[in-house]
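Have a look at the structure below, then the notes.
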């Protein structure tokens, strides 16, 4: 738990005032308590976790249950109105912003998104259902994503339309350039 907290501290630029950091501390504590094998010993820690989670939801407007699977260096850039399902899975280096919902598409149906590494989810975006989001994906502000998004893509609109990222297209173009040619002047 403490290694994760140290990494979270660095991820949030060593600023204790960042509400995302507060939520991550509560999340890490919630995960840590599951490691206590004896149920009787775990019970008081579970009660403390539930109280801290409620307090963090009230103060930050972020619902992040400890059952969600988060990769390393998960970052909440702006706080407020964030809801993440306990079934959601995030890769490493993901960033989310205010108003984001990652969860179930329909009430009562299991299946939350699995999000790859380095995903960047814009403000107000909704990522819903049992879908897969690839690595290096950017999801635009207020997009509603209900289908799979391949790696190196951008998803924008309602419902989201998927387009290749320009950075990936530029990298591909650079591979086709004559290696003996002089570089362009910028």
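No lab work stands behind these numbers, since they all come straight from the coordinates. Every value quoted in this text rests on a predicted model; they were computed, and no experiment measured them. Every residue, glycine as well, gets a Cβ built from its backbone with ideal geometry; the counts of neighbours run over all protein chains shown.
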**Asked** Using a Gaussian network for the chain with springs between C-alpha atoms less than 10 Å apart, which of these wobbles most: 108, 86, 116?
**Response** 108
**Asked** Separation of region 45-72 and region 92-149 by C-alpha centroid, Å?
**Response** 19 Å
**Complete:** Taking Cα atoms, the helix 39-60 axis meets the longest principal axis of the chain at an angle in degrees (rounded to 10) of 60 degrees
**Asked** GNM, the chain, Cα, under 10 Å: largest mean-square fluctuation among 109, 37, 19?
**Response** 37
**Complete:** Rounded to the nearest 5, the percent of antiparallel DSSP beta bridges in the chain equals 15 percent
**Item:** Between 0 and 90°, nearest 10: helix 19-33 axis offset from the chain longest Cα axis
**Value:** 60 degrees
**Request:** On each of the three principal axes of the Cα atoms of region 9-63, give max minus min coordinate, whole Å, ordered largest first.
**Result:** 36, 24, 14
**Message:** Compute the angle between helix 166-175 and the longest alpha-carbon principal axis of the chain, please, reported from 0 to 90 degrees and rounded to the nearest 10.
**Reply:** 50 degrees
**Item:** FRET efficiency for residue 41 and residue 163, using Cβ-Cβ distance with R0 set to 45 Å, rounded to 0.05
**Value:** 0.30
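Can you give the direction-averaged projected area of the convex hull of the alpha-carbon atoms in the chain, in nm²?
13.8 nm²
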**Message:** Per residue, how big is the convex hull of region 67-175 when only Cα atoms are used? Give it in Å³.
**Reply:** 91 Å³
**Asked** What percent do you get for the relative contact order of the chain when only Cα pairs under 8 Å and 6+ apart count?
**Response** 11 percent
